[in-house]
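Input: a single structure, listed below in C-alpha cells.
The values are calculated or read from the model by the stated rules, or taken from the named source; none is laboratory data. No experiment lies behind these values; they were computed from the predicted model shown. All Cβ positions, glycine included, derive from the backbone under ideal geometry; neighbour counts span all protein chains shown. Areas reflect the complete protein model, heavy atoms only, side chains present, ligands, DNA and RNA absent. Shrake-Rupley method; radii C 1.70, N 1.55, O 1.52, S 1.80 Å.
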Amino acid sequence: LVKQYFLGLMRRRSMQPVWQLLSHLSAMGLNHWATHLSFSGELSALKKLSLIIPPGTVAFDVGANHGDYSLAVLEILRPQKIYAFEPSSAAFEILRSKVDENVVKPIRIGVGSEPGKATLHNSTPGAS
C-alpha cells in the first residue's frame, strides 16, 4: 500500500519541482559528514520544500532512527501523517518515545528496493 501510494505520487507531473529540488540537494552533498540536522542542510531543504508542498500531505521517513527528521518535517511541512520506518529495535524504542503516534506512525521494519530479509549491522553497543 505504501509502495503504491509512493509510486503514484512520484508519477504526478505536479511533483516534478520536488524531485528536481531533491536531486539538486543530493548533488550538493546533503547530509554528507553531518551528524545533526542543523549542520546537514536538511532543515534548509525542508524550508524550501515547504514552499511547494502543501500542508496536510503524507510524509515518509525511511531510516527514521530517533525521529529527529520526522519531528522537523512535522514542524516545517505540517503533514497530515508521517510514516517513520526504523528497523533497529533500540532506535525504534527511542523514536516511539519521542513522537505523537497519532501523527507520526513508527513502523519497525526496514525499507529497501526489493522484498526480502537482510542483516542490520549496528555499531552501537546493545543495539539490535
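The number of residues in segment 103-117 that are more than 17 Å from the chain's Cα centre (by Cα) and open to solvent by 100 Å² or more (accessible area, probe 1.4 Å) comes to 3. When every residue of segment 91-111 is checked against the conditions, at least one turns out to be closer than 21 Å to Lys3 by Cα and small (Gly, Ala, Ser).
Looking only at segment 59-88, filter to residues that are assigned to a strand (DSSP E or B) and open to solvent by 40 Å² or more (accessible area, probe 1.4 Å); which one of those is farthest from Lys3 (Cα to Cα)? Step through it out loud before you land on a result.
So in segment 59-88, the residues assigned to a strand (DSSP E or B) come out as 59-62, 81-85.
Of the ones still in play, those that are also open to solvent by 40 Å² or more (accessible area, probe 1.4 Å) are 60, 62, 81, 83.
Values: Phe60: 11, Val62: 12, Lys81: 16, Tyr83: 12 Å.
If we take residues in segment 59-88 being assigned to a strand (DSSP E or B) and open to solvent by 40 Å² or more (accessible area, probe 1.4 Å), then Lys81 is farthest from Lys3 (Cα to Cα).
Applying a threshold of 8 Å to beta carbon distances and a minimum spacing of six or more residues, or different chains, the list of pairs starting in segment 1-30 at a residue that is within 21 Å of Ser113 (Cα to Cα) and at pLDDT 75 or above and ending at one that is among the hydrophobic types (A, V, I, L, M, F, W, C) and assigned to a loop (DSSP other than H, G, I, E, B) reads Val18/Ile52; Val18/Ile53.
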